[in-house]
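**Student:** What follows is a single structure, and I will ask about it in a moment.
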Amino acid sequence: MKKIQVFDPALCCSTGVCGVDVDQALINFSADLDWAKQNGASIERFNLAQQPMAFADNPTVKTFLELSGQEALPLILLDGATVLTGRYPSRAELARWADITLAEAEPKTSKGCCSGKSCC
């Protein structure tokens, strides 16, 4: 199974979805991460403020920070290789990296009489 690692910038909490002024990108990413995990993805997430040793102990991440600085985070690794920097991945990207077929993983919508523009 492929392993996805997310190295976040310093966030106020483990997900960054806290406080008064929450970034919509973090809300979307948090939901997409939960979705991917529910569909079998192996994902680890590290917060620079809370887990600095995870950044220092990983040679790829350490070199990235030395060259680009923490303002270039987030950094996404797939099996140890850099696949994305500077933004959070979309659900489609997570699905591709984790070998999840989007159509199969999406919930089925009801086609009952109250769906669409008309209602019973």
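**Student:** Which residues, taken from the range 52-87, are under 18 Å from Leu26 (Cα atoms) and not basic (Lys, Arg)?
**Tutor:** Across the range 52-87, the qualifying residues are Gln70, Glu71, Ala72, Leu73, Pro74, Leu75, Ile76, Leu77, Leu84, Thr85, Gly86.
**Student:** Hey, among Phe29, Phe64, Phe46, which residue is at pLDDT below 95 and of a type in the set (A, V, I, L, M, F, W, C)?
**Tutor:** Unique residue meeting the criteria: Phe29.
**Student:** If you don't mind, there's one more thing I want to ask. Can you find a residue that is modelled with pLDDT under 95, of a type in the set (D, E, K, R) and touching a Leu at 6+ places or on another chain (Cβ under 8 Å) anywhere in the range 6-14?
**Tutor:** Yes, the range 6-14 contains a residue that is modelled with pLDDT under 95, of a type in the set (D, E, K, R) and touching a Leu at 6+ places or on another chain (Cβ under 8 Å).
**Student:** Scanning the range 28-87 for residues that are acidic (Asp, Glu) and within 17 Å of Leu11 (Cα to Cα), which turns out surrounded by the most Cβ atoms within 10 Å (Cβ to Cβ)?
**Tutor:** Checked the range 28-87; the qualifying residue surrounded by the most Cβ atoms within 10 Å (Cβ to Cβ) is Glu44.
The values are calculated or read from the model by the stated rules, or taken from the named source; none is laboratory data. Computed from a predicted structure; not experimentally measured. Here Cβ is always computed from backbone atoms with ideal geometry, including for glycine, and neighbour counts include all displayed protein chains.
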